Structure formats: structure tokens, C-alpha cells
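Before any comments, here is the structure.
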Amino acid sequence: MCTMSASTPAVAASTEASPMSATSPTTVQPMVKKPAFRKASKAFVALQPSITEAAAVLKDLKKQSSAHVKLIKQYMQEQSVSEMDIGGFTFVSEEKERCRWSEDNLLSILEDPTILDKYKDEFTTTKTSFSIKRPKRPRTEAEE
């Protein structure tokens, strides 16, 4: 694994002009040039097999770990232990109370439904989100 400190010139330069860096609405970002876009696109696609492989390994490790956590949890419940330190990890078993809410539930108890509309008008915010969707996996002959 290669790590660089923020003081490395290549890293410092790339973070300053990064189009993904947080900026205020008044800051003008430089346009991304086509060669830089193509290079980033190719690098992104080239990394995907390694990411998929690492994710598969991690998934298997998490599955193994969850079996151990399940056993630890069962032991804690049987022994009526609420907190336990194991190798620097603190396992805590506690009851928490949560109040889930939905607009429908709130409307059912409000005497004046316009209160919800007023609340929405005052506190609703809009944000732009960015997501990446994986391409659909091509079907194999056995699945068709």
C-alpha cells in the first residue's frame, strides 16, 4: 500500500485544483480538460477489478468475523454482561429507545394538517447528490 503525506507536491497540487473539493458557491472551478477526463475515466475503469477482488475478500472476512461476534453476543447475554473488552474492542449490549416517525404517522395525530406543510416550507432544503451505479452484470447462458 502506498501512502503519501499532504506535504508531497503531487498530492498538494492535486487537492488544490480538484473538482471534487468542497467549494463555496462563489468559487469558480477550472474546467476539466478532455485529456484529464479521459485519463481519469480509464484509471477508474482499470481499478474496478482490483476493487471487486478486495471487496470479495473483505466480504468473506466480515462473514467470518460476524460468526465470532454472534457468539460473543450470545455469551454476553447468557452471562448478563453489558460491556466487555476483547483485544481493545469494547462490546456493548444496551437497550435503546427510538421513536421512528413518518409524515403519515404525524398527519394522523395533527389536528391541523397545514402545520406539516408550514414545517416543510420552512425547513426543507435541496441538495445535489452524486452517485455511481454499477453496470448491470451480463447474463450467462446458464441464467437464460
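The values are calculated or read from the model by the stated rules, or taken from the named source; none is laboratory data. Note that the structure is a prediction, hence the values are computed from the model and not measured. Note that we place each Cβ from the backbone using ideal geometry, even for glycine, and neighbour counts take in every protein chain shown.
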(request) For segment 52-63, indicate whether the set of residues that are touching a Pro at 6+ places or on another chain (Cβ under 8 Å) and of a type outside the set (Gly, Ala, Ser) is non-empty. (result) no
(request) For SER93, indicate whether it is touching an Asp or Glu at 6+ places or on another chain (Cβ under 9 Å) and more than 24 Å from ARG137 (Cα to Cα). (result) yes
(request) Could you grab me the full set of residues in segment 67-95 that are assigned to a loop (DSSP other than H, G, I, E, B), surrounded by 10 or more Cβ atoms within 10 Å (Cβ to Cβ) and either at pLDDT 95 or above or not small (Gly, Ala, Ser) (or both)? (result) VAL81
(message) Please pick out the residue among ALA22, ALA6, ALA43 that is of a type in the set (A, V, I, L, M), in a helix (DSSP H, G or I) and either more than 28 Å from LYS127 (Cα to Cα) or at pLDDT below 95 (or both).
(response) ALA43
